[in-house]
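The values are calculated or read from the model by the stated rules, or taken from the named source; none is laboratory data. Model, not experiment: these values are computed from the prediction. Backbone-built Cβ (ideal geometry, glycine too); neighbour counts: all protein chains shown.
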Amino acid sequence: MPDPAAAEPARGADQPAPDAADQPVDVADVTLFEAFGGRRGVLDSALPPLTFVGTYLASGNELRIALLAALVAGVAVTVLRLVRRDTLRHALAGFGAVALAAFVASRTGRPEDYFLPSLLANAGAALAWAVSIWIKRPFLGLTVGAITRSSTWRTDPVMLAAYCRASWIWVASFLVRLAVMTPLWLAGMTVALGIAKVALGWPMVLVVIWLSWLVVEPAHRARRLGRSGGPTDAATGPADGAQADAVDGLSPRDPATR
């Protein structure tokens, strides 16, 4: 894939250099942890459900008080996201999820239904991610591509194959949440649902990100090698050894050996 900067017309001396923040970032230079929110995502996802469950227990199973506390926590997270200059759409989407969960539970009067939208979202996500792999537009690649404003992963066959493989790990994580939380929801175990939602939230996401990294990093490394002028073949890209490493290296290996 040609360098996007090479396609731009030559700039005159009087033309200001573009802001670095507006320039595409090579997909090989972005970590999956950053693409999925980094450390801030841990607090954002865990605070509302923990607040709901904690308040529900502390108030003597008062559903309305617990829902109100969860909404307050959702507002606090939204304000924090805006202070961090997150996008308004992202901030409101997070609060919308909390508000929807509170609305469903308030209408049914069942505290376990606070977690019903999350269950349905995981079922929908598993199906959507599977379809995205089938049509060769894996959501993992789309997510990283949105962060980098680059379609490199889609035009590089090795990277596309790696992102398709890694996306299956995410499908499995959605199914694990369904397998664990659905019986708890059917049994009306609200506290256990809250614990499961937090435990299967960012702690599991971190594991999934690590496993995804093991799958996609060899393809990223092969691209970085070719971009930095390493041993490459003009017609095929990275040298045979690097290309084989990018394909055969899809199996997990110790990152320290890389």
Worksheet item: Only one of these conditions is not met by ALA105: (1) surrounded by 15 or more Cβ atoms within 10 Å (Cβ to Cβ); (2) over 12 Å from PRO49 (Cα atoms); (3) out of contact with any Pro (no Cβ under 9 Å at 6 or more places or on another chain). Which number is it?
Response: (3)
Practice prompt. Kindly establish whether LEU178 is assigned to a helix (DSSP H, G or I) and without any contact (Cβ under 8 Å) to a residue 40 or more places away in the chain.
Written response: no
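So, in segment 75-90, exactly how many residues are within 14 Å of LEU47 (Cβ to Cβ) and either at pLDDT 85 or above or not basic (Lys, Arg) (or both)?
Here is the first cut: in segment 75-90, the residues within 14 Å of LEU47 (Cβ to Cβ) are 75-81.
Now restrict to residues that are either at pLDDT 85 or above or not basic (Lys, Arg) (or both): 75-80.
Count: 6.
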Worksheet item: Which of (1) assigned to a helix (DSSP H, G or I); (2) within 30 Å of TRP213 (Cα to Cα); (3) modelled with pLDDT of 55 or more is the odd one out, the single condition ALA21 does not satisfy?
Response: (3)
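Please find, among THR148, THR155, the residue that is surrounded by fewer than 21 Cβ atoms within 10 Å (Cβ to Cβ) and in contact with an Asp or Glu (Cβ under 7 Å, 6 or more places away or on another chain). Lay out the reasoning, then the answer.
Details: THR155 fails: in contact with an Asp or Glu (Cβ under 7 Å, 6 or more places away or on another chain).
Every option except THR148 fails the conditions.
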Worksheet, complete the sentence: Selection from segment 48-85 of residues more than 15 Å from GLU112 (Cβ to Cβ), outside any helix (DSSP H, G or I) and touching a residue at least 24 places away in the same chain (Cβ under 8 Å) yields ARG84
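I need the full set of residues from segment 154-193 which are among the small types (Gly, Ala, Ser) and touching a Gly at 6+ places or on another chain (Cβ under 8 Å), in order please.
Residues of segment 154-193 among the small types (Gly, Ala, Ser): 161-162, 166-167, 172-173, 179, 187-188, 192.
Answer for segment 154-193, where residues must be among the small types (Gly, Ala, Ser) and touching a Gly at 6+ places or on another chain (Cβ under 8 Å): just SER167.
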